[in-house]
Amino acid sequence: MIRASLLLFALAVGCSTRGGIEVEVTSGPTVSNVDHFHVGITDSIGRVATSDIPLSQGAVIPPPQYFALEFDSGFSGEVTLSLTAVDPAGTILATAANATATVSEGDLISIILSLGEFADLGVDAALDASPPDLNATADMSALDLFVPSDLMPDLNTPPDLTTPPDLSPCSGTMTLTIGAVGFTGICPGSSVNIPYLVSGCVHPANTFVAQLSGPSGAFASAVDIGAISSSISGTISATIPLGAMAGSGYRIRIHASAPVTNSSDNGADLQVFALPDSSFTFSPHNLTTEGQVTFTPTASSGTFSWNFGADATPTTSTSSAPMVGYSMAGGKVTSLTVTNSNGCHTTSTVAPTGGASANPNPFDTGVEVFSCDPAVPATATVVNTNVTGSATINWICGGATDTQSGGTVTSFVEPGGALSYGGSGQYLVYLQSGGTFTGAAGGTTFLVYESGATMTGNIGGSVMCSSLIYDYSVAPSPGCF
């Protein structure tokens with residue numbers, strides 16, 4: 001006769017729970033009649049972990065067997081332990097009555113099996129003491145277990161958690177149903193909650209995915225719009241893609257990953273509305289603080305919401321073609337939100353390459369505003385004689401001529417001063433009355449000037465001030481005066 005005792009521990013920080021069962025095999029006098037013991041653990045939601053514990057000749061007691069079950073967050077409940085003796089032909093020799101133990105989230109289940117062959121070993125495997133300390137040296141006295149030393153399990157060896165356990169939770173099929181989606185028409189980019197109901201076999205590692213069909217209702221190219229890792233009924237938070245084409249034949253279904261299952265679709269056509277066009281144009285691109293720019297939306301209908309910035313007049317508008325002025329120089333950021341009759345909306349923004357800036361750049365893409373009382377910066381180079389190729393910021397005095405070729409240059413020209421360029425580059429020139437600018441082909445120029453200034457040659461663009469007065473508060477000293 002062979003007797004096997006098996007003890008179940010749920011090991012976790014601050015807790016230890018035990019349950020034990022025993023099976024007696026009476027079909028033969030030697031241990032060779034038993035090929036292995038089949039151990040199973042079932043939790044309260046139907047998940048199963050199984051393992052076969054093989055036996056070798058001489059009744060060698062196997063080491064502790066470890067089962068790793070991933071208990072869900074907040075799980076607390078009973079697990080059931082079963083033990084069956086099986087011969088080499090697969091015939092069940094004996095089955096023990098089930099035992100239970102209580103486990104909580106984060107527990108590691110440990111199973112320790114010992115064998116007693118009364119005829120040969122005289123082993124007492126009562127296993128009725130406290131759980132062993134798996135971090136201590138091998139000492140089976142904690143289990144009230146007398147075993148020959150060469151058959152002692154090594155309790156210091158960490159469990160092998162690299163081999164995934166068999167987590168097949170159940171057998172059978174899954175029944176998956178989509179709930180009411182709560183809308184018949186929707187805008188791209190909108191958030192929706194998709195309810196679903198599930199029953200039957202669901203793997204604990206399952207993921208439910210809400211899928212949006214194509215415009216005609218076909219799921220051949222379905223788009224995943226939301227997902228949740230779950231094995232129970234619930235709700236999926238989903239988002240209609242911004243790129244979804246307008247159409248009135250869309251459907252939604254739920255897809256499960258384990259086992260792979262698709263629900264029927266929602267049962268009615270859904271409409272995805274078109275998004276409005278929020279692009280816009282504006283003119284002029286460059287202006288002074290004395291001027292205005294007109295904005296024109298591409299959309300011919302809908303409601304418009306403009307934002308022009310804090311120094312704009314007006315700062316906001318709902319007009320279809322607003323005219324705007326600015327009190328401060330710089331590159332401006334402009335945004336437009338268009339909402340159509342279905343409530344769908346989009347926003348477009350036009351800004352300088354580097355964002356809003358206090359220094360206007362006439363060669364950038366946004367709205368650029370120039371001051372009619374610009375400050376001569378402290379870093380400006382004073383040009384009070386005829387020079388060729390001066391610095392990148394120049395203050396050209398009366399009677400002096402600066403000849404430039406290439407680079408990115410900003411110049412402030414006094415009455416009687418002159419700037420001439422003869423090559424490639426980008427030139428921003430402030431030109432007072434009595435000053436002279438001469439441009440040649442090959443470069444890009446932009447002039448802010450007042451009446452009485454002289455401009456000849458190649459001029460890329462310009463804006464005129466009624467009066468151009470320099471601010472010398474931070475200009476270098478001595479300067480032009």
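Being touching a strand residue (DSSP E or B) at 6+ places or on another chain (Cβ under 7 Å) and farther than 26 Å from Gly331 by Cα holds for only one residue in Gly417, Gly366, and it is Gly417. The one condition from (1) part of a strand (DSSP E or B); (2) surrounded by 16 or more Cβ atoms within 10 Å (Cβ to Cβ) that Thr349 does not meet is (2). Does Gln211 satisfy being farther than 30 Å from Ala329 by Cβ, among the polar types (S, T, N, Q), part of a strand (DSSP E or B) and under 25 Å from the mean Cα position of the chain (by Cα)? Yes, satisfied. Identify the single condition in (1) surrounded by 21 or more Cβ atoms within 10 Å (Cβ to Cβ); (2) in contact with a strand residue (DSSP E or B) (Cβ under 6 Å, 6 or more places away or on another chain) that Cys344 does not satisfy, given that it satisfies every other one. Just one mismatch for Cys344, condition (2).
Asp364 meets all of the listed conditions (1) modelled with pLDDT of 95 or more; (2) under 14 Å from Phe282 (Cβ atoms) but one, namely (1).
Among the numbered conditions (1) among the polar types (S, T, N, Q); (2) crowded, with 19+ Cβ neighbours inside 10 Å; (3) in a strand (DSSP E or B), the only one that Asn361 does not meet is (3).
The values are calculated or read from the model by the stated rules, or taken from the named source; none is laboratory data. Because the structure is predicted, anything quoted here is derived from the model rather than measured. Cβ coordinates were reconstructed from backbone atoms using ideal geometry, including for glycine residues, and neighbour counts include every protein chain displayed.
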